[in-house]
1. When both residues are 6+ apart or on different chains and their Cβ atoms are under 7 Å apart, which pairs have a first residue that lies in the range 112-126 and is in the same structural domain as GLU68 (by TED's automatic domain parsing) and free of Cβ contacts under 8 Å to residues at least 60 places away in the same chain, and a second that is buried (at least 21 other Cβ atoms within 10 Å of the Cβ) and outside any loop (DSSP other than H, G, I, E, B)?
2. Being in contact with a Gly (Cβ under 7 Å, 6 or more places away or on another chain), in the same structural domain as MET118 (by TED's automatic domain parsing) and of a type in the set (S, T, N, Q) is the requirement here; does THR192 meet it?
3. Quick check: anything in the range 162-175 surrounded by fewer than 20 Cβ atoms within 10 Å (Cβ to Cβ), farther than 28 Å from THR90 by Cα, basic (Lys, Arg) and touching a helix residue (DSSP H, G or I) at 6+ places or on another chain (Cβ under 8 Å)?
4. Mind telling me which of the residues GLU194, GLU142 ends up being at pLDDT 90 or above and part of a helix (DSSP H, G or I)?
5. Could you figure out which of (1) in a helix (DSSP H, G or I); (2) touching a residue at least 12 places away in the same chain (Cβ under 8 Å) isn't true of GLY203?
6. Take the conditions of a type in the set (Lys, Arg), surrounded by fewer than 16 Cβ atoms within 10 Å (Cβ to Cβ) and either in contact with a helix residue (DSSP H, G or I) (Cβ under 9 Å, 6 or more places away or on another chain) or under 18 Å from GLU109 (Cβ atoms) (or both) and apply them to LYS143. Does it pass?
7. I need the full set of residues from the range 57-72 which are at pLDDT below 90, surrounded by fewer than 18 Cβ atoms within 10 Å (Cβ to Cβ) and of a type in the set (A, V, I, L, M, F, W, C), in order please.
8. Are any residues in the range 176-187 surrounded by fewer than 21 Cβ atoms within 10 Å (Cβ to Cβ) and in contact (Cβ under 8 Å) with a residue 24 or more places away in the chain, and if so, which ones?
Amino acid sequence: MKEKHRHHGHRQRKKEYFLKHGIDDMPDHEKLEFLLYYAIPTGDTNELAHRLIDHFGDFVNVITARYEDLLEVKGVKDHTASMICLFRMTARYFIMERKGNILWLNNTEALNNYCAAMFLDADNEQVRCVFLDNELNLIDSEKICEGDFGKVELPLRGLLQQVFKMRSNRIVIAHNHPYGSSMPSRLDADVTYELRVFLEKVGIELIDHVITGTDGVWSMREHETLPDIWRT
């Protein structure tokens, strides 16, 4: 009788583990190995998972990598790169469309996660606005403009029109540093202060300014950047 290959049933065992325990306790390469099953229907995906992790650094960086950059990794073909991009886009769509009762001022983690999701597909700098109701629940979010927050001229008239349209008087401003640190520059802080003062004059409260970067997410309120402008 022919001996079974040592990997026989490996995928099924991984699937059973995933369905029972989820992926939180899986090492990054195992999360990716499991995801790659759906792009590569047969064979061992462990080696490719390790190669992707080595190239990009961790699971999140693989998932947020651009299609063109994924194709630079040996063994990654069009179908695999497309599937990874689809996974990212699906995650973003789910988070962005799951509106209502997910953002509260006392839940900075939820706010940061939502803002990070807004920029999952962005490889250019963007400024976005998150519109909140009086209880700090999410109403909607929208892109305001593109470019470096500290250098672009914010379309304040258009922003106010959207705030009034959404019937929101509390907002969060978010922007991304797609290829740099999330830490705000001095110019970012100065423009935030000016925006806060302007909005307050028309009865709108700037709740936070959140910045995403390659190293994570920075909440100005949480990190007490400009501590004198944030209300308790």
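1. Every condition considered, no pair remains.
2. no
3. No, there is no match, as no residue in the range 162-175 is surrounded by fewer than 20 Cβ atoms within 10 Å (Cβ to Cβ), farther than 28 Å from THR90 by Cα, basic (Lys, Arg) and touching a helix residue (DSSP H, G or I) at 6+ places or on another chain (Cβ under 8 Å).
4. Going through GLU194, GLU142 in turn, the sole match is GLU194.
5. (1)
6. yes
7. Correct list: VAL60 only.
8. Once the filter is applied, which keeps residues that are surrounded by fewer than 21 Cβ atoms within 10 Å (Cβ to Cβ) and in contact (Cβ under 8 Å) with a residue 24 or more places away in the chain, the range 176-187 yields PRO178, TYR179, GLY180, SER181, SER182, MET183, SER185, LEU187.
The values are calculated or read from the model by the stated rules, or taken from the named source; none is laboratory data. Because the structure is predicted, anything quoted here is derived from the model rather than measured. Positions of Cβ are generated from backbone atoms using ideal geometry, with glycine treated the same way; all protein chains shown enter the neighbour counts.
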